[in-house]
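First the structure, in the form of structure tokens, and then the observations on it.
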Amino acid sequence: MNCIIVDDEPLAREAIELLIKETTQLNLVATFNNAVSAAEYIKTNPVELIFLDIQMPEVTGLEFAREVPKETLIIFTTAYTEYAIDSYEIDAVDYLVKPVELPRFRKAVEKAIAYYTLLIGEKKENIEVMQDDFMFIKSERRYFKVEYKDILFVEGLKDYSIIQTKTNRIITRVNLKNLLEHLPRELFLRTAKSYIVNVNHIESFDNNDIYIGPYELAIGSSYKESFFEKYVMKGKKIR
């Protein structure tokens with residue numbers, strides 16, 4: 001994957017560059033100290049992945065990310081954890097907190113590669129059959145029977161959705177909005193631009209996150225009121 005680094009701090013750019021050199025699937029084609037120059041570059045050069053800082057002068061990483069073509073993936077790299085929720089609202093692949101360690105970096109890259117493989121793959125609609133208790137959904141040329149009760153949550157990225165069940169992780173070319181329309185409303189609730197959760201699997205929550213098993217899912221600022229009204233104020237799980 002062709003990638004670029006956009007960060008106004010020289011030492012931060014060097015650190016990410018070293019990590020990229022340790023990752024054979026990546027090809028670093030350019031580095032930039034500001035978003036304006038990076039925006040001009042991607043207009044005429046193929047870039048599949050951007051490692052993007054958030055706090056930068058002139059144009060912030062969040063502002064730049066909103067203008068990036070949907071075919072280009074973004075991994076945010078920042079020293080500030082408070083921007084995590086904003087990053088998921090923009091459909092970022094991942095959010096890395098500096099200093100970034102190699103194992104965590106590789107995990108983010110593997111996720112980006114999985115998404116990229118799908119982006120250049122098949123383009124047809126993949127919800128095939130919807131029933132009262134389950135659906136058949138296509139992923140990688142196979143049809144999976146997915147029971148609604150087994151879905152923990154669904155994560156969206158651009159035109160794709162990741163269905164996380166108790167035992168499986170299915171990536172399909174159906175966007176989150178379309179998938180939500182097919183899911184039972186009494187079980188599923190959208191909690192962020194990038195997440196739909198099965199309310200029966202919520203174990204705990206705070207003002208910013210929902211916890212399902214080992215997963216920590218951000219609550220989007222524009223979805224907080226709906227979450228607390230439809231789930232919390234009921235005082236019990238939906239059955």
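The values are calculated or read from the model by the stated rules, or taken from the named source; none is laboratory data. Everything numeric here is computed off the predicted structure, so don't read it as measured data. No Cβ is skipped: glycine too gets one built from the backbone with ideal geometry, and neighbour counts run over all protein chains shown. For accessibility, only protein heavy atoms count, side chains too; no ligands or nucleic acids. Shrake-Rupley method; radii C 1.70, N 1.55, O 1.52, S 1.80 Å.
Looking only at residues of the stretch 153-168 that are without any contact (Cβ under 8 Å) to a residue 40 or more places away in the chain and hydroxyl-bearing (Ser, Thr, Tyr), we find that the one that is farthest from residue 197 (Cα to Cα) is 167. In this entry, residue 181 passes the filter for residues that are of a type in the set (D, E, K, R), surrounded by fewer than 17 Cβ atoms within 10 Å (Cβ to Cβ) and either in a helix (DSSP H, G or I) or under 17 Å from the mean Cα position of the chain (by Cα) (or both).
Of everything listed in (1) surrounded by fewer than 21 Cβ atoms within 10 Å (Cβ to Cβ); (2) without any contact (Cβ under 8 Å) to a residue 60 or more places away in the chain, the single unmet condition for residue 197 is (1). Of the residues that make up the stretch 47-59, is at least one in contact with a strand residue (DSSP E or B) (Cβ under 8 Å, 6 or more places away or on another chain) and in a helix (DSSP H, G or I)? No, the stretch 47-59 contains no residue that is in contact with a strand residue (DSSP E or B) (Cβ under 8 Å, 6 or more places away or on another chain) and in a helix (DSSP H, G or I). When 116, 143, 95 are checked against the criterion of being assigned to a strand (DSSP E or B), at pLDDT below 90 and open to solvent by 30 Å² or more (accessible area, probe 1.4 Å), a single residue qualifies: 143.
Taking residue 172 as the residue in question, decide whether it is surrounded by fewer than 18 Cβ atoms within 10 Å (Cβ to Cβ) and either within 19 Å of residue 73 (Cβ to Cβ) or free of Cβ contacts under 8 Å to residues at least 24 places away in the same chain (or both).
No; evaluated as a whole, the condition is false for this residue.
With the requirement that a residue be farther than 21 Å from residue 15 by Cβ and either touching a residue at least 24 places away in the same chain (Cβ under 8 Å) or under 22 Å from the mean Cα position of the chain (by Cα) (or both), what does the stretch 29-40 give you? Before the answer, list the steps.
Filtering the stretch 29-40 for residues farther than 21 Å from residue 15 by Cβ gives 36, 39-40.
Within the stretch 29-40, 39 is the sole residue that qualifies.
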